[in-house]
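To start, the structure itself, in structure tokens.
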Amino acid sequence: MNAVTPFEGIGASVKRKEDLRFLSGRGQYTDDINRPGQAYAYILRSPHAHARIAGIDTATAAAMPGVLAIYTGADTAGLGSIPCGWQIHNKDGSPMAEPRHPMLAEGKVRHVGDQVAVVIAESRAQAKDAAEAIGVDYDVLPAAPTLDAAQVPGAPLVHDGVAGNICYDWHIGDKAVNDAAFAAAAKIVTFETTNNRLVPNAMEPRAAIGDYDTTTGEYTLFTTSQNPHVIRLLMGAFVLQIPEAKLRVVAPDVGGGFGSKIYHYAEEAIVTWAAGKLGRPVKWTCERTESFMSDAHGRDHITKCSLALDANGKFLGLRVHTQANMGAYLSTFAPCVPTYLYATLLAGVYTTPTIYCEVTAVFTNTVPVDAYRGAGRPEATYLLERLVDIAAAETGIDRVEIRRRNFIPNDAFPYQTPVALQYDSGNYTATLDAALQAADWAGFEARRAEAAKHGKLRGIGCSTYLEACGIAPSAVVGSLGARAGLYEVGTIRVHPTGSVTVLTGAHSHGQGHETTFAQLVADRLGVPVAQVDVVHGDTAKVPFGMGTYGSRSLAVGGSAMFKAMDKIIAKGRKIAAHLMEASVEDIEFDRGTFRVAGTDRTKALAEISLAAYVPHNYPIEELEPGLEETAFYDPKNFTYPGGCHIAEIEIDPETGKVSVVNFTAVDDVGRVINPMIVEGQVQGGVAQGIGQALLEHAVYDADGQLLSGSMMDYTMPRADDLPLVGVATHTTLCTHNPLGVKGCGEVGAIGSPPAVMNAVVDALKSYGVRHIEMPATPAKIWGILHAGRKLAAE
Amino acid sequence: MPQVTLTVNGKTSTVEVEGRTLLVELLREKLRLTGTHVGCDTSQCGACVVHVNGDSVKSCTMLALQAEGAEVTTIEGLAKPDGTLHPMQEAFREYHALQCGFCTPGMVMSAIDLVQKHPQGLSEKEIREGLEGNLCRCTGYHNIVKAIAAAQEVMHGRRSELASAAE
Ligand code: FES
Ligand code: FES
């Protein structure tokens, strides 16, 4: 036989296994699931940002058609608080303020959208109708919806016990060393900026179905989650006190997450608890307007920073003070985002010898803020890459040259930064050079001149970024305040006839794990991708898992699979040795074939697995039957993807509209398993980054009303807002995981905003513009162009 | 309760609905055709797009009763009975034009209507403008645009087979 099987292993752009069901309407998202006898929940939410609840009258509503139950905070007050997964300590060593986060409001509402009551009825419409008939007597209080409003003297207190609304006041770095560097500087560049608040807006709104089996006492929760095992742990152990063995959490197909579906949300606990109370399944589906006021938002920092340089443009020190908005309650990961996922990234790709960063986290009367694609790293990268461009402008050194002068050189790895991280590998010059060439940076001035002939202002900008992902070594994050380990779990089950089921604790909500993970198995065990099934998202099927976020699925989850395959191969060699009457040391294994070294005696994996399950001729004294292995993999370090993004933009002075005309990304994401999927991840991330730079902004008014509270008011990038995005990779391998992978899910959203904003500022340099805040909306640009500040001599 | 009779993917059904029931609710909840999705409540996202009498329609923005007598096609009705995918479905797969898959049914239904209404062919810019009513949060649209450009060649008979994404 000389049939050629297409190569499906590492490096092949295998078409996705999951596509067929999605393309034919056979995906199973949470709202597609219906349980027999299911009732529907509707959540009544606060219309006020801050109010005391003087009373709730549910009598009329309770008597309405179809209503089964109405619950308020009085009913759930005995249950646990929605927990926070990370504890940060103040400068003085005391722990952060961590006020109770109730499932349903208890006496006070703290943001527009806070849950006040839940109505459960026979139909969704009936539940909604009844919710409108609930009378809530609010004593409206002044609100503190912004970082500034929450920190003025005498500001309203979001939580009565939290003085000054300060959640924590944290720092990292050696202040004395930092001060000395600034004292010796030839030049100091300072800069203040706001990182605009964003709404993640995964296209699938959140949903949850609680189910309770009255005979077994088992609860099941179907939920739109990126990490079902973590939800089981948080909700079971902390909120509802249900032992793991009696609680199954299923996260079926999930329509995008971008961080917003990591967290344990009140609605999950509400439907699970209510299902137990009523003995019926209870389904809740979020409407988009509710998503805007109940999904965790992202970003929302105000930062002051200074960069000290010597006379040659070498960075001597960086000093940063950031205020971070936590919202009204602490969401699951919120406290670590502006600290350990942010300040530790401030070295970027540069040799800055000293960095000192202070972070003040503040409660406000807004939706909780937590990780959104990139989480802390986009904020750090934006600040750093804008600061470097400003430093270039103010020292007269070319933007690219100043970066080169400060790059961590290729021979410096492993490189210890002054802010805790140790980078394992990278080649920042290579990604920069490749991007400059792909974007034809050298030819830009001609394109600028050409655009000018047509009345357009053209600009170009780059960012040379780095991020830390593959989250994370458990002992390290534990010492920093994480309340969980961040390993991952993989099981490889080789069936009797040689097909494979992979069980993974990672969760796919667009990333294509069913394909990429199958490729890992194909590459190593030689089993065709079509015969590898990847199972995820169900605590009843997968032993354990920490889920998908922080670009960790492949680096941590894939490594767990790799370790499990090590065990499969080790056991397979023993079986093969027995079958071929050779010694184990002489058995070689390569892509599905066990061979006695130096001979043509071989056994295929399927023969080994058959022997393992039908152990007639088998070393039964020393080996158990079966061929299934599980590994827990705890990473040794973070991984450090990096690269260069270049944006070329054009401004129409008539309208102020910024169009991205070219976008080039050259990323080092470590070893690439499926180039097609990696490109797609980068393109999607870049789209979100361009969205942040040009379009998106969650805005609260002084009363705490969310002004951009629907898709009509909050501008998401549409097809005609975006260019084709050229993606290339340049690989340096991760040195500490067995696959050499780094992660690609977040790089697009991290590298792109400063590239776009550097280009916008470049386009406007003749107008004397030093900096523009994101988003660079047409109104903002038009205002600048028409403010009569044109300095260029004409 | 009022009734509505309509043909969905070739099958005629008579269903009781409330006056306020939306077409998408009828499809998802009464007919259990859950391939059509709901991504918003302001007619912005296009996750709910189906074909009604040959035109793409946001099924969240049409009352079920307005579909009386209509021929409706949903994503479930696109493939041939033997499972052969529509060229647009095929192109989305070939060009990796979907990630989480949630926008995909609406995106595919919109794209088919767009291509059918432009037999002369669409440029990249026209495809982008034609997708104005559909949001995707995952892909950045890059591969969606490429998939539609490739599918139109097959749909208009200019190519017998889909060009491979690698070409
Ligand atoms: S559901 Fe968003 S447009 Fe119909
Ligand atoms: S593929 Fe996820 S929204 Fe389009």
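The helix-only estimate of mean residue ellipticity at 222 nm for the protein assembly as shown, built from DSSP H runs of length n ≥ 4 each weighted as -39500 (n - 2.57), is -7500 deg cm²/dmol after division by the residue total.
On full extension, the segment bounded by A:L278 and A:K636 gains 124.2 nm, given 0.36 nm per residue less the C-alpha separation. Hey, quick one: spin label on A:R405, modelled 7 Å out along Cα-Cβ, who in the range A:338-357 has an amide N within reach, i.e. under 16 Å? Counting only backbone N, you get A:350-353. Look at the alpha carbon pairs under 8 Å that are at least 6 residues apart: their mean separation over the length of chain A gives a relative contact order of 15 percent.
Considering only protein heavy atoms and a 1.4 Å probe, what is the carbon-and-sulfur percentage of the accessible area of chain A?
Values: 13900 of 26300 Å².
Taking all protein chains in place, chain A shows 53 percent carbon and sulfur surface.
DSSP beta bridges fully contained in the protein assembly as shown are about 80 percent antiparallel. Each Lys and Arg contributes +1 and each Asp and Glu -1, all at the Cβ; summed about the Cα centre of the protein assembly as shown, the dipole is approximately 600 debye.
Normalised by residue count, the range A:153-257 yields a Cα convex hull volume of 241 Å³ per residue.
Which of rounded, prolate, oblate describes the protein assembly as shown, given a ≥ b ≥ c as roots of the alpha-carbon gyration tensor eigenvalues and a/c under 1.5 marking rounded, otherwise prolate only if a/b is larger than b/c?
Details: a/c = 1.23, a/b = 1.05, b/c = 1.17.
It is rounded, given that a/c, with a ≥ b ≥ c, falls under 1.5.
Mind checking how much accessible area A and B bury in total, 1.4 Å probe, in Å² rounded to 100? Adding both sides of the contact gives about 4400 Å².
The range A:596-653 and the range A:702-778 have Cα centres lying 35 Å from one another. Only the Cβ atoms of Lys and Arg (+1) and of Asp and Glu (-1) were treated as charged; on that basis the dipole of the range A:1-127 about its Cα centre amounts to roughly 220 debye. For the range B:22-131, applying the loop criterion from DSSP together with a ceiling of 12 other beta carbons within 10 Å to the trypsin sites (Lys or Arg not before Pro) yields B:R32, B:K117.
Whole number in Å², please: accessible area per residue of the range A:430-532, 1.4 Å probe, ligands, DNA and RNA not counted.
Numbers: 3140 Å² over 103 residues.
Here the residues of the range A:430-532 average 30 Å² of exposed surface.
To the nearest 20 debye, what is the magnitude of the charge dipole of the range B:3-77 about its Cα centre, counting +1 on the Cβ of each Lys and Arg and -1 on the Cβ of each Asp and Glu?
Numbers: 6 positive and 9 negative charges, 25 e Å.
For the range B:3-77, the charge dipole is close to 120 debye.
For the range A:181-225, the residues whose backbone nitrogen is under 19 Å from a point 7 Å from the Cα of A:A540, taken along Cα to Cβ, are A:208-225. A:M676 exposes around 20 Å² of accessible area when a 1.4 Å probe is run over every protein chain in place. Between A:N662, A:M774, A:L610, the Cα set farthest toward the positive side of the dipole of the protein assembly as shown (charges on each charged residue's Cβ, about the Cα centre) is that of A:N662. Quick check: from the Cα gyration tensor, does the range A:697-794 come out rounded (a/c under 1.5), prolate or oblate? Note, shape of the range A:697-794 comes out oblate. Shown for the range A:7-37: residues covered by the partner protein chains by 20 Å² or more of accessible area relative to the chain by itself (probe radius 1.4 Å), namely A:K15, A:R16, A:D19, A:L20, A:F22, A:L23, A:S24, A:G25, A:Y29, A:D31, A:D32, A:N34. Listed by chain and number, the lysines placed with their C-alpha closer than 20 angstrom to that of B:K125 are A:K456, A:K657, B:K117, B:K146; residues fewer than eight positions away on the same chain are left out. Taking 18 Å as the straight-line reach from the Cα of A:K571, the aspartates and glutamates in range (excluding those fewer than 8 positions away in the same chain) are A:E581, A:E585, A:D586, A:E588, A:D590, A:E607, A:E621, A:E622, A:E624, A:E628, A:E629. Judged by the ratio a/c of the largest to the smallest principal axis of the C-alpha gyration tensor, the range B:87-155 counts as prolate, that ratio being 1.5 or greater while a/b is larger than b/c. Contact residues in the range B:103-146 (at least 40 Å² less accessible area with all protein chains than alone, 1.4 Å probe): B:R128, B:E132, B:L135, B:R137, B:C138, B:G140, B:Y141, B:H142. A 1.4 Å probe over all protein chains sorts A:H159, A:H321 by accessible area into A:H321, A:H159, starting with the largest.
For the pair A:V614 and A:F7 in one chain, pulling the backbone fully straight at 0.36 nm per residue adds 215.4 nm over the alpha carbon distance.
By the rule of a C-alpha distance below 22 Å, with chain neighbours fewer than 8 residues away ignored, the lysines paired with A:K91 are A:K175, A:K304.
Give A:K314/A:K765; A:K15/B:K58; A:K541/B:K58; A:K128/A:K277; A:K283/B:K58; B:K30/B:K58 a once-over and call out the pairs whose C-alpha atoms are over 28 Å from each other.
Check vs 28 Å cut-off fails for A:K15/B:K58; A:K541/B:K58.
For the pair A:A62 and B:E16, a Förster radius of 41 Å applied to the C-beta separation gives a FRET efficiency near 0.95, rounded to the nearest 0.05. In the protein assembly as shown, a dipole from Cβ-located charges (positive for Lys and Arg, negative for Asp and Glu) runs towards its positive end, and of B:T34, A:Q531, A:I82 it is A:Q531 whose Cα lies farthest in that direction.
If you roll a 1.4 Å probe over the range B:87-155 with all protein chains in place, what percent of the accessible area is carbon or sulfur?
49 percent
Ignoring ligands, DNA and RNA, what accessible area per residue does the range B:1-156 give at 1.4 Å, in Å²? Mind dumping the intermediate values first?
Numbers: 5700 Å² over 156 residues.
Per-residue value: 37 Å².
The values are calculated or read from the model by the stated rules, or taken from the named source; none is laboratory data. From a predicted model like this one, the values you see are computed outputs, not experimental measurements. For neighbour counting, all protein chains shown are included, and Cβ atoms are generated from backbone atoms with ideal geometry for every residue, glycine included. For accessibility, only protein heavy atoms count, side chains too; no ligands or nucleic acids. Shrake-Rupley method; radii C 1.70, N 1.55, O 1.52, S 1.80 Å.
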